[in-house]
Structures are given as structure tokens and as C-alpha cells.
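A short write-up of the structure that comes next.
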Amino acid sequence: MKRYLYTGLFLLAAAAPLRAEDGSRLWLRGNATAHARVAAGRQSPTIAIAVSELQAQWQGAAVQLSIVPNKALGDDGFSISGSPQSGVTIAAVAEQGLLYGAYHLLRLQETQSLPPTLSITETPRYALRILNHWDNLDGSVERGYAGRSLWKWGELPDTLSPRYAAYARANASVGVNGTVLNNVNASPQILSPPMLRKVKAIADVLRPYHIRVYLSINFSSPMALGSLETADPLDKAVQRWWGGKVAEIYRLIPDFGGFLVKANSEGLPGPQDYGRTHLDGANMLADALAPHSGIVMWRAFVYSPNDPDRAKQAYQEFMPFDGKFRPNVIIQVKNGPVDFQPREPFSPLFGAMQRTPVMVELQITQEYLGFSNHLAYLGTLFEECLQSDTYARGAGSTVAKATDGSLFAHPLTAIAGVANIGSDVGWCGHPFAQASWYAFGRLAWSHSLPAEAIAREWLRQTFGSDSAFVEPAAAMMMQSREAVVSYMMPLGLHHLFAWGHHYGPEPWCRVPNARPDWLPSYYHKADSAGLGFDRSSTGSHATAQYFTPLREQWDNLETCDERYLLWFHHVPWGYTMKSGRTLWSELCHRYQSGVDSVRAMQQAWDRLQPYVDAERFALVQSRLRTQARDAVWWRDACLLYFQTFSRRPIPYALERPVHDLDELMKVKLEMTHHN
Ligand code: GCV
């Protein structure tokens, strides 16, 4: 079976009712026909952007931008008052508040939700709202499915791609205020003087949009760049080296944000190489950055096998250090305890680490959700994580509240999203993937916004406001991520991906001498008795890392949320599920429902053709066809493989598989630019 990667279109040209669009304008498609009167009491590059955006697009009467001493608004907040007819005032304490206020007002206009009288006050829930780019210095992007890197290192610092400002504008429009330019698998070279001059050139473009630049660093940099013989964080020469390097960065980039660090994870160097700890490493860097008000985002994505269950390892490694980090350290924790699977329970570090700032890392790029071939709106995944109740301080202690400074009073609050942005003309590789970037920004600003409301907002701005379009398209988006869960890994299954890339299924995968926790069988544990990883008290007891009542609920097969059933339990094939079906039968139904959902998305999209420009219509239609084929592939691969253990028939009411297991087991994807 040959699998195609979709780089071109092979569609019959449909009648084009609307102007073709390439997606490059994202959700900022306001037509520059307005000539509003906009006045500002002060001048600055940032205020000039707010003024010109409003002048070009605001269709109402005059707008006044005012700096006011209203401390309650904080640095980024704003208020909007007045009325579109008689004139609007946007007030803020600082210039960036005016910029965010301008974009907010224009969003209300573009989504046709302007009230006759405006009385709005907005402040963000996280102080730092940051994109992480996994972009390498050679222009490739790790887990990137939207072309090459946005950053043209070869032509910087002299040539500035117009995309840098367009990127900054898009981010500012949704409130993103930071970006980590390079991959967490960091090359030490990013800190070399020539590279820092290139970084400075980007920072200069992003600054008026109030986007700070951060860098991922390699812990061995003092050895690779500074010819020291060690990178031991307790070594004085190492500390001096970092102090000097940080000072050099701040001379070039006075508002530099700080470092993101992946250390002692997946083969990268770190303090443990010298018998030191994550605490030693993070605090050493924090001391170097503190004089300049920079921060360290130290990742908790670590899984050295100190426990047979990978899902427990980050908690075990980091909890002993709670309360011991410097105040400018924040621990960056992936949403789930393993690795950005289509569905995971939240990481138990949220809520548990109370005396240290902790930030959520979400993945916007679809490493484990069909790359940019599959339509999977991740607003629902982000919402599910942020609204998960940790019960750390009783009911209502959501992940959002455990990280936004409200439950545990930390002044440093942040959230990160691994970007899905590249050189692709439509930025994200799939027109609907833009929605996940948009949703990240909106939730980082206001984590209680419903994913559905965000989807509607995005659709109105990106395609058009006709409710005959918006409502069915929003419904399609809202079910899209659940569809992926169903056809890939329902009921708490995880990591069934093929070796070498994370696109297709390979639950049977065996690789001699591979780390066991990189193989699907480690996670699904299928045998003749049943399926799933026993993380209950009879198994690895990962449930003990959660608060009551979750630990008891999830520990018990009968009360465990079925979404996480096979995450926490090894369940007999004949076990009776809530539906009354056996586990095996339920599994078959779930896989089929995933396939059915994709077909329903295809139908829904085809019906929307009259409302969509030909170019984006055809692209989405083509991607949905790929997705439909892939969904069948996933269903057949997983069910036929698990059937070798369950030895039960696929329920007769369901579609029959269309592949042979032998044939599927031979599929080897050539994912040259997609892995
Ligand atoms: C940047 C997973 C991904 C890696 C990624 C890593 C991480 O393992 O597959 O590509 O590396 O997570 O988040 O550090």
C-alpha cells in the first residue's frame, strides 16, 4: 500500500463562488477600507501599530487611545468604553494594553459581536504566553509539518523576511507575548556571537508587537562554546561563563526573556552528568539571569528509568525539589504524564507542585494527531487539560487555577505551546491547523473561554460570518479531536505509533535493543487476558500521584473514567463496559465511530462548499480524504492486531476491515520531510 503525502492538489476544479485564498492572511483578513479617526495621547512604535490597525480597519466612529494609571489593569490589560457610533476609548496602563485593546475591538467587529455600548475590561490570566519553536539552525523543524523554519538563519541579520512582522502581528492579535526561537533539543551554537546577532535582528522586529524572545540552551554550552572542561553547575568557572554569556545577550537584546531548558532528557546533557540535580542546574542559570530579570523555564519532560512506569518519573524526580527553586525558575510540564498523546490524563505535577511556579506545555503541532494531514482542532484538548480538576485544594482546583497564580500565589505565571508554524504559505500546513494556534493564544489570555466559542470566533474571521457556514463548521471542529482519539487510541490507549515517526499505527512494533518505553507493547500490554497498562494499586500505582478523590476513582476499574480506562487498568476482554458491551466490542465500536466521524466531517465540509473560496475548500477536502483513508488504516491495524489476543469476532453490525494484518505490518512510511 502506498501512502501519499499531500503536497499538491488533484481535485476537479469546483465552481469558485468566492475569491481564492491561500490562508496566508490567517484570521486577520479585515479589508483595509476604513479610515477611522484614531487619536493617541502618546507616541511609540507599539502605539503606532495600534493606531494604524484601527485606522485601516475600524468601521465605527473615532477611537481614542489613552494611557491611564489604573493599576488593576496590570501591564497587559485594557478597558474599552463608549460606542461604535459615537466613539470608543481604549485605556491601558502600558502601551501593549492599547495594542491588545485595539485587536480586541477589531475582533469584536470582525466576528460581528460589537454591542451598541462597550464596557469591557480584560486582563490576561497568564503573564507569559509563549510559543515554543522546535526549529533547528539548519532550517528543519522537529515535528514540524508546515514546511521549513520561519527563521531564515542564512540570510539574517541583514535580510528580514516580511514574515517576521506578520508572525508578530498574528501573535499580538491573540495576546501571545513571547517566543522561544529554537528547538529544545538545542544546539550550543545558538549562543555563538554570530547567531546572537541574528537573534537580535528578529527580536528587533518582534519588539514593537511586545513579543519577547527567549532561547533554548544546551547545558553543555560552556564546553562547546567556551572551551571549559566541564558544564558542572556548581563549578565557579561554569557559573562565570553563563554570567558572561547572559550579559552579552542582554547587551544585544535588553528585553530578552530567558532560557528554556531540556536537560538530562532523551540523551541531552544536563546537571546529572556531573552528579548534580535539576535543582542545581536550574538555579545556576537562574542566578545568571536574575540581574537582568530573565527567567528559566526548566522542563520536567524527563524519564530516566528510575521506575518501571514512565508516567510516574517526572513527578518522582521533581517533587523533592518543590519550594527550592529560585523565584525566577518555572517548571514547564507537558499536559500529560507521557508525551502529547491524543488523550492523556493531566500530569500529576499540576496541583502537586505548590511551592514552585509550574507552567503547562501544550503541543499545537500535531505530532501525534495526524500531522498536518488530519483536521484536529486542539482547542478542545487544551480546554480539557486546563479545566481538569486536580482537587489539590478541594473541588474546583483546575489545572488552570493551579498554574495561573490564583490557587498558589506565585507572581511568575506562564503557559507554552509548541508551535505548528512554518514556511508554508498558509503557515500551518492545514487550513484548520491555524485554529489551534489561535486557540492557544486565546486560552493563554483567558483560560476559561470555551473551545467552541473560540472555534466560532476563528471561523468568522478566517472564512466568514454566515451562520449557515459557522455552525456546521464549528460542530465539525468540535468533534474533530475526539474523532482522532477514537480511530487512533480510544479508551485510554496510548503510544501505538510506528517506530521512527509518529504518524501511522504499529502496535506490533518490535525493535531489537530498543528502550522498552519507546515501544507500543510497553503501553498497551495486550495479552490473551486483556488490554491496558495497570497503573492502579495492583500495578505501578501511578494513581497514588493524584489527589483524592481522583486517586480512588481512577484506581478502581468500576469507577475509572472510561476515557482513561486502559491508561490505568489492564482490563479483561470480556469486561462489561458502561454501554453494556464487552471491552472488545466497545473497542471495535470506538474505532468504527472514529472512522464514521471522519466521514461525517467529509460530508459536512462538502456541504459548505458554497461558503468557502475554492482554494481552501479543495485543500481541506483533499486532506479529509487522506484522513478518512488513514482512519480506516488505524482501525484495521489496531483491531486486527488486538484481535490476535482477544480471539473474538468484530461485532457483525460493524464494517469489516478492508486490509490484511500482514499487509499492514509491512507498511513502512517514507516520511522524509514529515518526521
Ligand atoms: C523536541 C517527544 C518528541 C521529540 C521532542 C520531545 C520533547 O519525544 O517526539 O521530538 O523533542 O518530545 O518534547 O522534548
What is the one condition in (1) within 16 Å of the ligand (Cβ to nearest atom); (2) touching a helix residue (DSSP H, G or I) at 6+ places or on another chain (Cβ under 6 Å); (3) open to solvent by less than 10 Å² (accessible area, probe 1.4 Å) that His278 does not satisfy?
(2)
What are the residues in the stretch 436-471 that are within 16 Å of the chain's Cα centre (by Cα), within 18 Å of Glu122 (Cβ to Cβ) and of a type in the set (S, T, N, Q), if any?
Ser446
For the stretch 485-497, indicate whether the set of residues that are of a type outside the set (A, V, I, L, M), over 29 Å from Leu583 (Cα atoms), within 16 Å of the ligand (Cβ to nearest atom) and more than 18 Å from the chain's Cα centre (by Cα) is non-empty.
no
Options Ala376, Ala435: the member that is within 21 Å of Ala631 (Cβ to Cβ), more than 16 Å from the ligand (Cβ to nearest atom) and either part of a loop (DSSP other than H, G, I, E, B) or not assigned by TED's automatic domain parsing to the domain that holds Pro450 (or both)
Ala376
Please verify whether Asn185 is within 16 Å of the ligand (Cβ to nearest atom) and within 19 Å of the chain's Cα centre (by Cα), treating the condition exactly as stated.
yes
For the stretch 1-28, what are the residues that are of a type in the set (Lys, Arg), modelled with pLDDT of 50 or more and loosely packed, with under 13 Cβ neighbours inside 10 Å?
Arg19
Would you be able to tell me the number of residues in the stretch 353-371 that are hydroxyl-bearing (Ser, Thr, Tyr) and either more than 13 Å from the ligand (Cβ to nearest atom) or in contact with a Gly (Cβ under 8 Å, 6 or more places away or on another chain) (or both)?
2
Return the residues of the stretch 305-330 that are within 14 Å of the ligand (Cβ to nearest atom) and either closer than 25 Å to Ala127 by Cβ or open to solvent by 20 Å² or more (accessible area, probe 1.4 Å) (or both); say none if nothing qualifies.
Ala314
Evaluate the stretch 395-417: report whether one residue or more is within 14 Å of the chain's Cα centre (by Cα), touching a residue at least 60 places away in the same chain (Cβ under 8 Å) and under 30 Å from Asp630 (Cα atoms).
yes
When you scan the stretch 99-111, do you find a residue that is in contact with a Lys or Arg (Cβ under 9 Å, 6 or more places away or on another chain) and open to solvent by 50 Å² or more (accessible area, probe 1.4 Å), even just one?
yes
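Results for (1) within 16 Å of the ligand (Cβ to nearest atom); (2) more than 24 Å from the chain's Cα centre (by Cα); (3) more than 24 Å from Asn283 (Cβ to Cβ); (4) assigned by TED's automatic domain parsing to the domain that holds Ala419, shown as yes or no for each residue.
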{"site": "Val174", "(1), (2), (3), (4)": "no, no, yes, yes"}
{"site": "Val213", "(1), (2), (3), (4)": "no, no, no, yes"}
{"site": "Ser216", "(1), (2), (3), (4)": "yes, no, no, yes"}
{"site": "Gly226", "(1), (2), (3), (4)": "no, yes, no, yes"}
{"site": "Glu229", "(1), (2), (3), (4)": "no, yes, no, yes"}
{"site": "Ala237", "(1), (2), (3), (4)": "no, yes, no, yes"}
{"site": "Ala247", "(1), (2), (3), (4)": "no, yes, no, yes"}
Which residue, of Arg148, Arg169, is part of a helix (DSSP H, G or I), at pLDDT 95 or above and under 22 Å from Gln434 (Cβ atoms)?
Arg169
Filter the stretch 122-155 down to the residues that are open to solvent by 30 Å² or more (accessible area, probe 1.4 Å), over 21 Å from Phe440 (Cα atoms) and without any contact (Cβ under 8 Å) to a residue 60 or more places away in the chain, then identify the one that is farthest from the ligand (Cβ to nearest atom).
Glu155
Filtered residues of the stretch 500-518 (kept if among the aromatic types (Phe, Trp, Tyr) and within 20 Å of Val302 (Cα to Cα))
Trp518
Is there a residue in the stretch 543-561 that is modelled with pLDDT under 95, out of contact with any strand residue (DSSP E or B) (no Cβ under 7 Å at 6 or more places or on another chain) and open to solvent by less than 30 Å² (accessible area, probe 1.4 Å)?
no
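The values are calculated or read from the model by the stated rules, or taken from the named source; none is laboratory data. Quick caveat: nothing in here was measured; it's all calculated off a predicted structure. We place every Cβ from the backbone using ideal geometry, glycine too, and count neighbours over all the protein chains shown. Each accessible area value is taken on the protein alone, full model and side chains, heavy atoms only, with ligands, DNA and RNA left out. Shrake-Rupley method; radii C 1.70, N 1.55, O 1.52, S 1.80 Å.
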